[in-house]
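**Q** Could you have a look at this structure, given as structure tokens, before my questions?
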Amino acid sequence: MTDAVAFDHVSRHFGSIRAVDDVSISIAEGSFFAMLGPSGSGKTTCLRLISGFERPTSGRVLIFGEDSGAVPPNRRPVNTVFQDYALFPHLDVRDNVAYGLMVRGEEKARRHAAAEEMLSLVKLDAFGDRKPGQLSGGQRQRVALARALVNRPKVLLLDEPLGALDLKLREAMQDELKALQRSLGITFVFVTHDQGEALSMADRVAVFNEGRIVQVGTPEEIYQRPRTRFVADFVGSANVLSPDICVRAGAGSGWASLRAEAVRLVPPGEGVVQGTVASRRYLGAVSRVHVDIGDAVIAADLAAGTPLPEPGATVGLTWDATALHRMEEA
Ligand code: ATP
């Protein structure tokens with residue numbers, strides 16, 4: 001199957017800034033693809049390379065197998081939902097949604113019918129006559145979504161679309177976006193710096209750092225087997241063990257990651273390493289205990305009901321050798 005989008009060694013430099021630096025990715029048609037990374041890592045520039053608002057300094061962006069180099073933004077089967085929604089305050093919701101069709105010269109009855117259909121899709125049937133200022137943040141977000149979908153793009157780009165919403169609404173919208181993507185079957189490319197958001201929604205995740213992709217994989221792969229220290233730290237899924245600790249733990253040399261739920265507490269003198277309980281925190285289903293082992297702190301997630309040691313207590317830590325995942329240093 002042809003990929004919806006593919007980057008073939010794409011770079012975009014601004015003077016000496018390598019915003020995007022030799023990125024190659026394939027985004028399967030019909031998939032939900034997340035670009036995850038800290039601020040300034042090049043995610044938005046990648047979206048703009050897909051929409052055509054940026055051109056590569058070198059390399060090629062392929063859209064459904066065709067080099068998009070000479071294709072202007074309005075000729076690409078792509079649309080974008082922005083974080084600030086960019087709605088027109090003076091237009092009502094219906095006209096906001098229909099805007100893209102007006103620009104294309106569709107007649108009024110047709111574009112209003114299409115707008116109503118999109119509003120129904122995002123569950124805003126009754127809101128067509130309102131102005132954006134009369135909507136909640138979540139409702140405005142849906143209008144932005146409807147507006148981006150009205151042109152029937154084959155690829156929908158979403159740049160931190162949930163960033164302006166509070167946590168509860170964001171979680172609800174995550175579920176809705178995922179359901180919408182499944183039912184429409186179109187390709188979503190979603191930019192976020194929120195690892196939970198990327199891991200919970202995407203089929204595949206690309207982790208960005210300083211203009212480069214450091215790992216691409218399923219959420220499980222990224223979470224369970226971070227390829228580099230940066231990914232392990234950024235995704236926050238794992239303890240990162242230095243070569244020193246790996247040697248002490250009899251686990252060979254090199255960096256390794258170790259998920260907190262794989263670490264068990266044992267009596268002092270037993271286990272792989274010894275340490276002192278630095279803190280403990282109740283997190284609901286688990287309690288997280290931080291153990292200071294001298295040159296590092298190791299997090300252990302203990303299931304609810306496990307007796308918790310007091311801060312300051314000396315404990316042993318152990319884990320199964322199979323729980324250690326070797327990483328490249330980076
Ligand atoms: P954020 O999450 O903050 O939006 P991002 O990962 O999307 O960040 P980009 O917006 O792609 O990152 O920016 C990547 C780098 O390129 C940054 O250092 C940014 O300052 C720089 N950059 C982006 N656009 C331009 C431009 N038009 N001119 C100069 N530098 C730019």
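Every number here is computed from the coordinates shown, using simple stated rules; none is lab data. Because the structure is predicted, anything quoted here is derived from the model rather than measured. Using ideal geometry, Cβ is built from the backbone for each residue, glycine included, and neighbour counts are taken over all protein chains shown.
**Q** Based on alpha-carbon positions alone, could you give the equivalent ellipsoid semi-axes of segment 123-279 from the gyration tensor, as √(5λ), descending, whole Å?
**A** Semi-axes (√(5λ), whole Å): 42, 18, 12.
**Q** Here is a follow-up. Are any of the pairs LYS43/LYS154; LYS123/LYS168; LYS108/LYS154 more than 22 Å apart by Cα-Cα distance, and if so, which?
**A** Among LYS43/LYS154; LYS123/LYS168; LYS108/LYS154, the Cα-Cα distance tops 22 Å for LYS108/LYS154.
**Q** Follow-up. Could you go through segment 54-59 in sequence order and give the Karplus-derived ³J(HN,Hα) for each residue, using 6.51 cos²θ - 1.76 cosθ + 1.60 with θ = phi - 60°, rounded to whole Hz, and x for Gly and Pro?
**A** Using θ = phi - 60°, the values come out as 10, 10, x, 6, 8, x Hz.
**Q** How would you rank 201-208, 220-227, 181-188, highest first, on the average number of other Cβ atoms within 10 Å across their residues?
**A** For the peptides 201-208, 220-227, 181-188, the packing ranking is 201-208, 220-227, 181-188.
**Q** Let me ask something else about it. As an exercise, identify the GluC sites (Glu not before Pro) in segment 228-330 lying in DSSP coil whose Cβ has no more than 15 other Cβ atoms within 10 Å.
**A** GLU270, GLU329
**Q** In terms of modelled amide H atoms, which long-range or inter-chain residues lie less than 5 Å from the amide H of GLU54?
**A** Residues meeting the criterion, in which the H sits 1.01 Å from N, are LEU49.
**Q** State the percent of C-alpha pairs, over all pairs in segment 238-327, separated by a distance greater than 16 angstrom.
**A** Of the Cα pairs, 49 percent sit more than 16 Å apart.
**Q** What's the magnitude of the charge dipole for the chain around its Cα centre, counting Lys and Arg as +1 and Asp and Glu as -1 at the beta-carbon? Answer in Debye, nearest 20.
**A** With Lys and Arg at +1 and Asp and Glu at -1, about 800 debye.
**Q** Explain nothing, just the number: dipole magnitude of segment 77-227 about its Cα centre with +1 on each Lys and Arg Cβ and -1 on each Asp and Glu Cβ, in debye rounded to the nearest 20.
**A** It works out to roughly 320 debye.
**Q** Taking a cut-off of 26 Å, what percent of all Cα-Cα pairs in segment 1-118 are separated by more than that?
**A** Result: 33 percent of Cα pairs exceed 26 Å.
**Q** Still on this structure: Once you place label points 7 Å from the Cα toward the Cβ at THR314 and ALA70, how far apart are they in nm?
**A** Distance between the two pseudo-spin positions: 7.6 nm.
**Q** Bin by bin, in steps of 20 Å, what percent of the Cα pairs in the chain do you find, going until the bin that has the longest distance?
**A** Result returned by the calculation: 28, 46, 23, 3.
**Q** Identify, among GLY294, ASN96, VAL263, the residue whose Cα sits farthest towards the positive end of the charge dipole of the chain, taking +1 on the Cβ of Lys and Arg and -1 on the Cβ of Asp and Glu, with the dipole about the Cα centre.
**A** Going by the charge dipole, the pick is ASN96.
**Q** Run lengths n ≥ 4 of DSSP H only: what is the helix-derived mean residue ellipticity at 222 nm for the chain, with -39500 (n - 2.57) per run over all residues, to the nearest 500?
**A** One gets -8000 deg cm²/dmol as the mean residue ellipticity at 222 nm.
**Q** Shifting gears a bit: Can you give the Rg/Rh ratio of segment 201-273, where Rg is from the C-alpha atoms and Rh is the Kirkwood radius?
**A** 1.06
**Q** On to the next question. What nm distance separates the two modelled labels at ARG288 and THR322, each placed 7 Å from Cα along Cα→Cβ?
**A** Between ARG288 and THR322, the label points sit 2.6 nm apart.
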